[in-house]
Amino acid sequence: MIEISTSILTIEKENATKTFYDLETAGTDYYHIDVMDGKFVEKNTESIMYEYSNIIKQMSNLPLDIHLMVENIKENIDRYIPLSPSIITFHYEACKDEQEVIKLINYIKENNIKPSISIKPNTDVELIKKFLPMLHMVLIMTVEPGKGGQKLIPETLQKVKELKKYILDNNLDTYIEVDGGVNKETINMVKEAGIDIAVAGSSIISAKDFKLAIKELK
Ligand code: DX5
Ligand code: ZN
């Protein structure tokens with residue numbers, strides 16, 4: 001069985017606290033926090049996501065799964081350390097070289113947080129294989145990062161399959177997460193590709209019954 005990380009990107013601000021509570025009751029495994037800086041992607045969600053994360057920390061023990069779509073990665077890690085997230089994911093494309101990638105992985109680990117790297121749909125999975133032994137997770141973007149409610153790009157699942165094979169062949173225990181366009185129509189092909197965690201935003205948040213929506217994905 002896979003785990004579900006619910007993206008809270010598209011929730012309504014007026015009902016935020018109730019929505020977080022309902023998601024926990026409905027059985028989400030993580031809260032997925034989409035931090036956008038207006039530079040790496042067009043939208044800026046920095047202050048709202050920080051506000052939401054603080055509310056969640058006060059009311060729930062469920063883990064935070066932080067997805068940094070930002071250029072200034074270190075600054076954002078520092079901002080989230082006091083909230084003790086379970087996982088912090090940053091983008092390979094936002095790093096200037098391999099040294100920076102390794103430095104950031106180590107920095108996240110030193111703070112007792114699980115490190116993860118994400119790649120966009122057009123980034124070759126070969127480029128991140130060398131980091132796998134150092135990582136808790138890899139996040140394969142199944143849409144272009146930037147907004148919720150987009151259609152899953154099926155070709156990206158080829159990367160999941162390749163990564164899964166590499167992980168098994170090399171006896172690694174790296175998790176694979178996908179993010180973007182996951183719903184009850186696409187979940188089967190996503191599962192077949194070999195994922196451990198699926199991020200789902202609009203398909204859960206727009207459902208009348210969160211519990212049913214999560215159950216249908218699991
Ligand atoms: C996209 C974000 C995703 C997105 C998922 O940039 O990283 O987490 O909000 O939303 P859905 O499930 O609606 O594609
Ligand atoms: Zn995300």
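Summary of computed values
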| quantity | calculated |
| --- | --- |
| Descending Cα extents along the principal axes, the stretch 1-135, whole Å | 42, 33, 28 |
| Dipole magnitude of the chain, debye to nearest 20 (Cβ charges: Lys/Arg +1, Asp/Glu -1, about Cα centre) | 280 |
| Of M141, V160, G27, farthest towards positive along the dipole that unit charges on Lys, Arg, Asp, Glu beta carbons give the chain | G27 |
| Highest-MSF residue in the chain out of P145, P82, P133 [GNM, Cα springs under 10 Å] | P82 |
| Within a Gaussian network of the chain (alpha carbon springs, distance under 10 Å), most fluctuating of V199, V190, V41 | V41 |
| Taking the convex hull of Cα positions in the stretch 70-218, its mean projected area over all directions (nm²) | 9.0 |
| Most positive-pole-ward Cα, I73, L9, M189, against dipole of the chain from beta carbon charges | M189 |
| Dipole moment magnitude, nearest 20 debye, the stretch 14-111 about Cα centre, only Lys, Arg, Asp, Glu C-beta charged | 220 |
| Cubic angstrom per residue, convex hull over Cα atoms of the stretch 40-87 | 70 |
| Cβ-based exposure ranking for H67, H136, H91, in which fewest neighbours within 10 Å come first | H136, H91, H67 |
| Under 20 Å from K211, Cα to Cα: aspartates and glutamates that are on another chain or at least 8 residues apart | E3, E12, D22, E24, D29, D65, D179, E185, D196 |
| Sequence-distant aspartates and glutamates (8 or more away, or on other chains) whose Cα lies within less than 14 Å of K13 | E51 |
| Protection-proxy order for peptides 99-108, 9-18, each taking the mean of Cβ atoms within 10 Å per residue, highest first | 99-108, 9-18 |
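Read-outs: derived from the displayed coordinates by stated rules, not from any lab. Just so it is clear, the structure is predicted and the values come from calculations on it, not from any experiment. Cβ coordinates were reconstructed from backbone atoms using ideal geometry, including for glycine residues, and neighbour counts include every protein chain displayed.
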